[in-house]
Amino acid sequence: MTLLQRLRESWWPLGPASVVVPAAAVVVVVLSRTWPMLDWPYPLWAQSSAQFHQQFAWAGLIAGSSACWYATVLHAKGRIWTQPEAPRADMPVVTRHLTVLVGWLVGAYLVALSPLVVSTVFTGGIGAPDPLAMLSGVLAMVAAVAIGYSLGAVVPSVVMVPIVAVGFYGLLVAGVAAGDHFATVVPVLDAEPEVGQRESLPLLVFRIVLFVAITATAVSLAGKSLSRKTTGATQPWRKIADTAIHLAIPGILIIASLTRQPVLFTADDQPAACTERREIRYCVHADNQSRLAELVRDVDPVIARFGTKPANLNQVWDQALTRHPIDADLAPGLEIAWLNPDGTIQTQVAAVIAGVYACASATSAAQERQSDIERRTQVAADISNYLSTGTPSGTLATMPVTDVRQWIIQHQEQLHTCTLTPDQLPMARTR
């Protein structure tokens, strides 16, 4: 038998569109959501592995809904093989149908994720792959297909298709709204692991067991439903009893997980890599050691424009180093930098040493004029902009760079405490 003949046999009686169209939709959705990650210069294996379950968001909805439609069409009451006098249809039929659905839909999911895996390999991804995280995502997709097919077999009506779609969407919304509370149940996590983090082993093991149990339950329930249709045993109470029995094990697992949540992520204890420039210490996670010089290059120009070592800045740390408690002696003068996989570095150094946050949180005396408060806040914002760009603007526009730097050095303490008096403001000095 040729490959084409085998495909035709697997598609019969619905035709290739029944699986090819939803499979193509899965590929398009996953590729469109992961495509920006392919250009990341510093991909994390933990995040790339997590995409195997994070991309379930829409792919799972498509897979479950299309599997439900597939089942409702195949097992509709008008089909000759669903009549009571037809030969007994149960597990072999379910297995054959699910093999086709899983092969196409889950296969499409893996095909769409493969560019991300290849990109992470060739870019030299930080850390190591997480096979269990990947497996949990694949099993979640298999479970979605099995659930959709089972519901379509139990209630073979096209009305079930939108109900299944809304159910999957509601599950995702509930997971996002509840944060980590539904992490064991919902395939898509509210957050993704970062440098120095991995999904915890208890969480992954539980999710794998749960998705396997859900798949087995769905397959068994579909088999029971088809067996009843071809033997004439269609009493409503039998359907309700079978459904309740089949849902018992997954239900117990879900309730148990919601009662006692496992840890979502675990953080490693790798040492930091550090260096010092202009009396400021820069430290990054060991996995980010190659980016230490980049962090210094990003922050040091801000310090150079400031003109001296800021009194309120002693250290700049990679955010990955903050997952363990920070020594209280190190906290003063410590600023955090986010070294993102896409190559960008985010810090609040310019705003902090310009006094922007000091002004935002300062309480002013009742007799102080509102205009003076606003001018002081504006000066802090303009200084932050100058430190970031090197170009004086706003209230500093008429001052040469050398004068701006000298003014900052003279009024550093007032900047950091937002206590500049009206006569000290740059606008007052240029009148």
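The values are calculated or read from the model by the stated rules, or taken from the named source; none is laboratory data. As the structure is a prediction and not an experimental result, all values here were calculated from the model. Cβ: placed from backbone, ideal geometry, glycine included. Neighbour counts: every protein chain shown.
Scan the range 150-165 and tell me whether some residue there is of a type outside the set (A, V, I, L, M, F, W, C) and within 16 Å of the chain's Cα centre (by Cα). Checking the range 150-165: not a single residue is of a type outside the set (A, V, I, L, M, F, W, C) and within 16 Å of the chain's Cα centre (by Cα). Residues in the range 175-200 that are of a type in the set (Gly, Ala, Ser) and more than 15 Å from the chain's Cα centre (by Cα): GLY196, SER200. Take PRO250 and decide whether it is within 29 Å of the chain's Cα centre (by Cα), closer than 27 Å to THR217 by Cα and buried (at least 19 other Cβ atoms within 10 Å of the Cβ). Answer is yes for this residue. Checking each residue in the range 292-312 for being closer than 22 Å to ASP403 by Cβ and in a loop (DSSP other than H, G, I, E, B) picks out GLY307, THR308, LYS309, PRO310, ALA311. Picking from residues in the range 274-286 that are surrounded by fewer than 18 Cβ atoms within 10 Å (Cβ to Cβ) and touching a Leu at 6+ places or on another chain (Cβ under 9 Å), the one that is nearest to ILE126 (Cα to Cα) is CYS274.
For the range 246-264, the criterion of being in contact (Cβ under 8 Å) with a residue 24 or more places away in the chain, outside the structural domain of GLY125 (by TED's automatic domain parsing), in contact with a helix residue (DSSP H, G or I) (Cβ under 7 Å, 6 or more places away or on another chain) and in a helix (DSSP H, G or I) is met by none of the residues. Number of residues in the range 164-203 that are surrounded by fewer than 15 Cβ atoms within 10 Å (Cβ to Cβ) and hydrophobic (A, V, I, L, M, F, W, C): the value is 8. Look at SER65 and say whether it is under 23 Å from PHE265 (Cα atoms), in a helix (DSSP H, G or I) and in contact with a helix residue (DSSP H, G or I) (Cβ under 8 Å, 6 or more places away or on another chain). Considered against the rule, which asks whether it is under 23 Å from PHE265 (Cα atoms), in a helix (DSSP H, G or I) and in contact with a helix residue (DSSP H, G or I) (Cβ under 8 Å, 6 or more places away or on another chain), SER65 comes out as no. Restricted to the range 90-134, and to residues there that are among the small types (Gly, Ala, Ser) and part of a helix (DSSP H, G or I), the residue that is surrounded by the fewest Cβ atoms within 10 Å (Cβ to Cβ) is SER114.
The rows are residues; the columns are (1) assigned to a helix (DSSP H, G or I); (2) under 30 Å from the mean Cα position of the chain (by Cα); (3) at pLDDT below 80.
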{"site": "MET1", "(1), (2), (3)": "no, no, yes"}
{"site": "LEU4", "(1), (2), (3)": "yes, no, yes"}
{"site": "MET37", "(1), (2), (3)": "yes, yes, no"}
{"site": "ALA46", "(1), (2), (3)": "yes, yes, no"}
